[in-house]
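Worksheet: one structure, shown below.
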Amino acid sequence: MADRVTVIGWDGSPLTAAARSALGAATLVAGAAHHLALPEVPPAAERIRLGSVALAARRIAAHRGTAVVFADGDPGFFGVVRTLRAPEFGLEVEVVPAVSSVAAAFARAGMPWDDAQVVVAHRRTLRRAVNVCRAHTKVAVLTSPGAGPAELGLLLEGVHRTFVICEELGTEREQVSVVTSDKAADHTWRDPNVVIVIGGPVGPAVVGEGGGWLAGRDPGTGPRGWTLPAEAYGGHLGEGEADLLRAAQLARLGPRVGDLVWDIGCGSGAFAVEAARAGAAVIAVDRDPAACARTDATARRFGVQLQIVHGNAPHVLERLPEPDVVRVGGGGAAVVSAVVDRRPQRIVTHAGTRDAAELVGRDLSEHGYGVECALVQSVELDTRVWTETERSVAFLLSGLLPDRTV
């Protein structure tokens, strides 16, 4: 095992005295090509071109001597420190920090970033990173080859965003470009880079003189509660939008950050807004232009990001990106059948009769979904005189793909 491992963050600034001291004693140095080309790297030191951090960590663990690992930006922020400290390698590290690439990118853009979401995009997580960009007004994306600005722009089709693309920060080739998301694929970008994705309606903010108190989106800016009463959405709600039914649907779907939710038959937009308040990206679909307009107004009032699609399901669903979870609020068995072909992890819908529920449930089962069905009944009372004012009854169906775990 290496006698000493020092991780040096590099942001283009001159090396600190601590960094130069560690580097001068190094018998092994790992880093990218531009790190290994630094004049301070000892000529006799073994050099490892850093690709897979795990493979480099195994080499370092087996090395007898003093090791230095270079990393761009802050090595403790989505960086190499986590891998090096993993139990299987048994490495204790000292860290010489530097300005993170995210902080540098926002500094170049002249923007605060305590209210930003930060995500890492590579081939495996690209779709989820895009969903975060759909759902939030300010996102920093740490990119990788094959998951850069061009891919982000292509997957954001139908959603307008502005990209601030920061290439090779801290080097002589540093470049900052501003393009709209639909134009990002028209250019060639140097990897890796940082993309600041901004745009969309800005929600209500409660910021005191000293700024916010929590990094990212402040959950306290909206009303408390998973589901809200009809009055919060302008009064009368449609069939299948009762408060308790929506709450049960949200609980079954469990929308979360990084998910894409389809809300088919969005009606007033109540469910779509509540899924978006949970941090998910949401596409709300309805054939009624008035419902689309109402949903848009509701989203703006609550300050959440929705993509609203006017059209008839199931045909309009063919051009939508792949969903993680789906609520079918209208269209019945035909729409559910079209949805299961896209293989979302979870589906919820409702039916007014047992026969209709059985038809949908059998279709879900035949497509490999585990099916649950419950009769949900809610009765509203006027608590001044304790008399019934409204009653709703519906069969709640949910389908879960057993072979997907995320």
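Which residue is surrounded by the fewest Cβ atoms within 10 Å (Cβ to Cβ), if the candidates are limited to the range 1-16 and must be closer than 22 Å to residue 103 by Cβ and among the hydrophobic types (A, V, I, L, M, F, W, C)?
15
Got a sec? Which of 370, 329, 361 is surrounded by fewer than 19 Cβ atoms within 10 Å (Cβ to Cβ) and not hydroxyl-bearing (Ser, Thr, Tyr)?
Exactly one of 370, 329, 361 is surrounded by fewer than 19 Cβ atoms within 10 Å (Cβ to Cβ) and not hydroxyl-bearing (Ser, Thr, Tyr), namely 370.
Only one of 342, 362 is part of a loop (DSSP other than H, G, I, E, B), out of contact with any helix residue (DSSP H, G or I) (no Cβ under 6 Å at 6 or more places or on another chain) and assigned by TED's automatic domain parsing to the domain that holds residue 243. Can you tell me which?
Criteria check complete, one pass: 342.
Do any residues in the range 361-373 that are free of Cβ contacts under 8 Å to residues at least 40 places away in the same chain have Cβ atoms under 9 Å from those of residues that are surrounded by fewer than 16 Cβ atoms within 10 Å (Cβ to Cβ) and among the acidic types (Asp, Glu), where the two are at least six apart or on different chains, and which pairs are they?
Correct list of pairs: 361/372; 367/341; 368/403; 373/358.
Of all the strands (runs of 3 or more DSSP E) wholly in the range 80-184, which have at least 2 residues that are in the same structural domain as residue 61 (by TED's automatic domain parsing) and closer than 21 Å to residue 52 by Cβ? Steps first, please.
Numbers: elements: 93-96, 117-120, 138-142, 162-167, 175-180.
Counting at least 2 such residues, we get 93-96.
Check the range 268-286 and report whether any residue there is within 13 Å of residue 233 (Cβ to Cβ) and part of a loop (DSSP other than H, G, I, E, B).
Looking through the range 268-286, at least one residue is within 13 Å of residue 233 (Cβ to Cβ) and part of a loop (DSSP other than H, G, I, E, B).
Are there any pairs, at least 6 apart or on different chains, whose C-beta atoms fall under 6 Å, with the first in the range 60-81 and closer than 14 Å to residue 24 by Cα and the second in a loop (DSSP other than H, G, I, E, B), and if so, which?
Cβ pairs passing all conditions: 65/27; 66/3; 66/25; 66/26; 66/27; 67/2; 68/26.
Are there any pairs, at least 6 apart or on different chains, whose C-beta atoms fall under 6 Å, with the first in the range 272-284 and free of Cβ contacts under 8 Å to residues at least 24 places away in the same chain and the second assigned to a helix (DSSP H, G or I), and if so, which?
none
For residues that are farther than 17 Å from residue 226 by Cβ and among the acidic types (Asp, Glu), scanning just the range 260-319, find the one that is surrounded by the fewest Cβ atoms within 10 Å (Cβ to Cβ).
318
Identify, by number, the condition in (1) surrounded by fewer than 18 Cβ atoms within 10 Å (Cβ to Cβ); (2) under 22 Å from the mean Cα position of the chain (by Cα); (3) not aliphatic (A, V, I, L, M) that residue 79 doesn't meet.
Result: residue 79 fails condition (1) only.
The values are calculated or read from the model by the stated rules, or taken from the named source; none is laboratory data. Keep in mind it's a predicted model, so treat the numbers as computed, not measured. Every residue, glycine among them, receives a Cβ derived from its backbone with ideal geometry; neighbour counts consider all protein chains shown.
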